[in-house]
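Some notes on the structure that comes next.
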Amino acid sequence: MDPRPIGVMDSGLGGISVLRTLVKELPDESFFYLGDTQNAPYGDRPEAEILELTRNCVGKLVDMGVKAVCIACNTATSAAEEALRAALPIPVVGIEPALKPAALAGRPGKILVMATAATIRQEKFQRLNARYGENALLLPCPGLMEFVERLELDTPALNAHLDKLLAPFRGEPITSIVLGCTHYPFLNSAITRRFPHAVLYEGGMITTLKLKEKLTERDALGPGPGSVKFFTTGSEGTAAMEQLFALPDSDF
Ligand code: DGL
């Protein structure tokens, strides 16, 4: 057993979608969640900058004494997971767009992959796409995570932005949607309304199971009681994080 907390990071609030799964699956763990709100969004930045920002955040969590790190951000994982895993003595687990399970499910029709521009551009996703993306349509979504940051999960402005992003794919036989950014699961309702017959895929559960496996291997699971503490690099406080964390599933 290891009572130290698990560090979870994202550019902002999105990683809370992963944190919610982590807490459900690992109820005896303490979690420190760090949102790099001062530097969000990551998805429009060059790789070198994303690597540096992620390294800084993970460094902060390590200084706080965590026993493992979850990079709950697809964009940051693509840029930094490999380097951080090589550099740190503790487990580092990231997240990637769930294109593999979507492709293996073999539904007829197309798979729409929604992610940040940086995630789609980077080599990690390009490799995944070369292997599993035969039926994939790739949609970089600039501006979308900002709605979640403002807790606008189903407003007219959000719906107008989604319509604009999705316009090129109107008429495509989309039967699966990969939510390849950890912010997007909070937009489930708005996205599902546009594709009522599509199955939505997100990577949070796979990431959670990987982390659980690594802690189990090291006999480092937490003894309980579980807890969650929020931290931010910005000046706006943690109220929005707490609100999003506590939101019932039926609210998004
Ligand atoms: N939540 C992040 C992801 O999973 C990125 C959002 C951003 O900072 O652009 O990719």
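Has region 156-169 got at least one residue that is surrounded by fewer than 15 Cβ atoms within 10 Å (Cβ to Cβ) and assigned to a loop (DSSP other than H, G, I, E, B)? There is no residue in region 156-169 that is surrounded by fewer than 15 Cβ atoms within 10 Å (Cβ to Cβ) and assigned to a loop (DSSP other than H, G, I, E, B). The residue pairs whose first member lies in region 178-199 and is under 24 Å from Ala76 (Cβ atoms), whose second member is hydroxyl-bearing (Ser, Thr, Tyr) and open to solvent by 10 Å² or more (accessible area, probe 1.4 Å), and whose beta carbons are closer than 7 Å, counting only pairs six or more residues apart or on different chains, are Val178/Tyr201; Leu179/Tyr201; Cys181/Thr116; Thr182/Ser17; Pro185/Ser17; Phe186/Ser17. A residue that is surrounded by fewer than 24 Cβ atoms within 10 Å (Cβ to Cβ), in contact (Cβ under 8 Å) with a residue 12 or more places away in the chain, outside any loop (DSSP other than H, G, I, E, B) and more than 15 Å from the ligand (Cβ to nearest atom) occurs somewhere in region 10-23. Being of a type in the set (D, E, K, R), farther than 19 Å from Glu217 by Cβ, at pLDDT 95 or above and within 14 Å of the ligand (Cβ to nearest atom) is a property that does not hold for Glu82. Scanning region 78-90 for residues that are within 12 Å of Val58 (Cα to Cα), assigned to a loop (DSSP other than H, G, I, E, B) and of a type outside the set (Val, Ile, Thr) gives a single hit, Leu88. Report yes if Ala48 is touching a Pro at 6+ places or on another chain (Cβ under 6 Å), more than 14 Å from the ligand (Cβ to nearest atom) and among the small types (Gly, Ala, Ser), otherwise no. Here the answer is no, as Ala48 does not meet what is asked.
For region 208-238, the set of residues classified as assigned to a strand (DSSP E or B) and not aliphatic (A, V, I, L, M) consists of Ser227, Lys229, Phe230, Phe231, Thr232, listed by residue number. Restricting region 91-135 to residues that are assigned to a strand (DSSP E or B) and open to solvent by less than 20 Å² (accessible area, probe 1.4 Å) leaves a set whose member that is farthest from Lys164 (Cα to Cα) is Val92. Number of residues in region 51-72 that are of a type in the set (Asp, Glu) and away from the ligand (no atom under 15 Å from the Cβ) equals 1. Could you list, ordered by first residue, the pairs with Cβ atoms under 7 Å in which the first is in region 121-136 and over 13 Å from Glu96 (Cβ atoms) and the second is loosely packed, with under 11 Cβ neighbours inside 10 Å and among the aliphatic types (A, V, I, L, M), at least 6 apart or interchain? From region 121-136, no pairs qualify.
The values are calculated or read from the model by the stated rules, or taken from the named source; none is laboratory data. Since the structure is predicted, the reported quantities are computational estimates derived from the model, not experimental observations. Note: ideal-geometry Cβ built from the backbone for every residue, glycine included; neighbour counts use all protein chains shown. All accessible areas refer to the heavy atoms of the entire protein, side chains included, with ligands and DNA or RNA removed. Shrake-Rupley method; radii C 1.70, N 1.55, O 1.52, S 1.80 Å.
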